[in-house]
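Let me begin by presenting the structure, written as structure tokens, before commenting on it.
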Amino acid sequence: MSEQIGPIAVLGAGTMGHGIAQCFASIGAAVRLYDVDLPRAEKGRAQIRAVLDKVVAKGKMAAERADGIVGLVNPTADVATAVTGARWVIEAAPEDMQLKVDLLGKVKAAAPADAILGSNTSSLSITELGARVGAADRVIGLHFFNPPPVMELLEIVRGVSTSAATIAAAESMAKAIGKTSILVNDAPGFATSRLGVILGCEAMRMLESGVAGVVDIDRAMELGYRHPMGPLKLTDLVGLDVRLAILDHLTREIGEQFRAPPILRRLVRAGHLGKKTGRGFYVWTPEGPRLPMAGE
Ligand code: NAD
């Protein structure tokens with residue numbers, strides 16, 4: 001199956017990109033991991049190494065297998081190198097329509113004419129992306145969840161002109177990497193982000209209006225509703241900038257209920273983007289998240 005699937009190009013080696021690359025390398029597919037410069041692409045591969053080192057240290061994977069997975073990931077800062085001969089291209093670049101259109105436009109010029117162009121967007125229109133790139137039949141939403149190697153769901157998003165063959169290929173690819181897929185029609189925020197961000201948004205409004213503190217709001221959902229992670233901790237994990245971009249888009253597309261709370265915008269302006277920068281609603285330490293100290 002890996003031979004039928006690979007080689008894969010993953011564009012953007014950040015929070016999601018390196019995890020998506022790991023999913024494919026884990027089934028033996030060769031992955032090209034692209035980012036705007038080589039240090040960022042290499043950092044993505046180093047993050048896969050760090051994740052797998054922990055798994056090996058726990059005795060859950062042989063060191064040789066971890067080496068094999070990392071060895072299948074090739075970082076590059078050249079789009080053409082990444083996509084030449086690729087059967088699948090999955091972009092995990094920032095949540096910005098113009099940026100994604102420009103990126104997939106470059107991909108289209110260098111990738112095979114039948115390569116499937118997947119987008120990991122959390123909220124943007126697959127129909128618009130496909131039309132603007134000029135490859136609407138083979139552009140599809142492949143929405144992975146954080147962290148991709150662990151989360152079981154792949155939300156497949158069908159644009160108005162995505163072909164049946166592209167959808168069928170995505171469904172069988174999901175099975176091959178061990179995911180359970182759902183198929184949703186293109187709508188702002190799809191089935192997942194639309195519900196997920198509204199919960200996070202309400203948690204922030206409750207924090208702002210003094211209903212409860214960060215830990216108690218998170219515990220309310222963790223212990224009362226059996227969510228594996230409270231909405232504020234989850235916002236830290238996703239990235240505050242990513243959530244802000246989604247909320248701004250959903251406010252424009254759906255309405256005021258998605259208006260980003262001021263606290264979110266303030267934290268993003270301060271560069272507190274969540275786990276990836278070490279600080280969001282929590283301070284992220286090697287021992288885990290804790291609340292910021294007074295004056296910190
Ligand atoms: P991130 O900020 O962690 O990583 C984005 C990466 O893209 C960075 O490494 C950046 O250098 C790179 N990049 C910037 N410009 C680029 C370009 N022109 N071409 C290629 N790469 C470029 O962001 P992320 O959290 O990985 O989000 C990426 C995408 O995945 C977004 O569309 C986001 O909405 C979506 N998503 C995020 C999550 C999450 O939990 N963070 C979950 C599902 C989907």
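The values are calculated or read from the model by the stated rules, or taken from the named source; none is laboratory data. All figures in this text were calculated on a predicted structure; none of them were measured in a lab. Cβ coordinates were reconstructed from backbone atoms using ideal geometry, including for glycine residues, and neighbour counts include every protein chain displayed. Quick note on the areas: whole protein, heavy atoms, side chains included, nothing else; ligands and nucleic acids left out. Shrake-Rupley method; radii C 1.70, N 1.55, O 1.52, S 1.80 Å.
Residue 198 meets all of the listed conditions (1) farther than 17 Å from residue 243 by Cα; (2) touching a Phe, Trp or Tyr at 6+ places or on another chain (Cβ under 9 Å) but one, namely (1).
Taken together, the residues in region 103-139 that are open to solvent by less than 30 Å² (accessible area, probe 1.4 Å) and within 13 Å of the ligand (Cβ to nearest atom) amount to 12.
Scanning region 1-31 for residues that are within 12 Å of the ligand (Cβ to nearest atom), assigned to a helix (DSSP H, G or I) and surrounded by fewer than 23 Cβ atoms within 10 Å (Cβ to Cβ) turns up just one, 15. If you go through region 92-99 one residue at a time, do you hit one that is closer than 20 Å to residue 166 by Cα and crowded, with 19+ Cβ neighbours inside 10 Å? Yes: one or more hits. In a residue-by-residue description of region 32-54, the property of being at pLDDT 95 or above, closer than 19 Å to residue 144 by Cα and assigned to a loop (DSSP other than H, G, I, E, B) applies to at least one position.
What pairs can you find where one residue is in region 158-170 and outside any loop (DSSP other than H, G, I, E, B), the other is open to solvent by 40 Å² or more (accessible area, probe 1.4 Å) and aliphatic (A, V, I, L, M), and their Cβ atoms are less than 7 Å apart, with a gap of 6+ or different chains? From residues that are outside any loop (DSSP other than H, G, I, E, B), the pairs are 158/183; 167/183. Within region 154-176, the residues that satisfy the criterion of being in contact with a helix residue (DSSP H, G or I) (Cβ under 8 Å, 6 or more places away or on another chain) and polar (S, T, N, Q) are 161, 162, 163, 166. Listed conditions (1) in a helix (DSSP H, G or I); (2) surrounded by fewer than 13 Cβ atoms within 10 Å (Cβ to Cβ); (3) away from the ligand (no atom under 16 Å from the Cβ) are all met by residue 195, apart from (3). Close Cβ contacts (under 6 Å, 6 or more residues apart or on different chains) running from residues in region 25-53 that are among the acidic types (Asp, Glu) to residues that are away from the ligand (no atom under 15 Å from the Cβ) are absent. Counting only helices (runs of 4 or more DSSP H) that sit completely within region 64-148, those holding 3 or more residues that are β-branched (Val, Ile, Thr) and in contact (Cβ under 8 Å) with a residue 40 or more places away in the chain correspond to 79-83.
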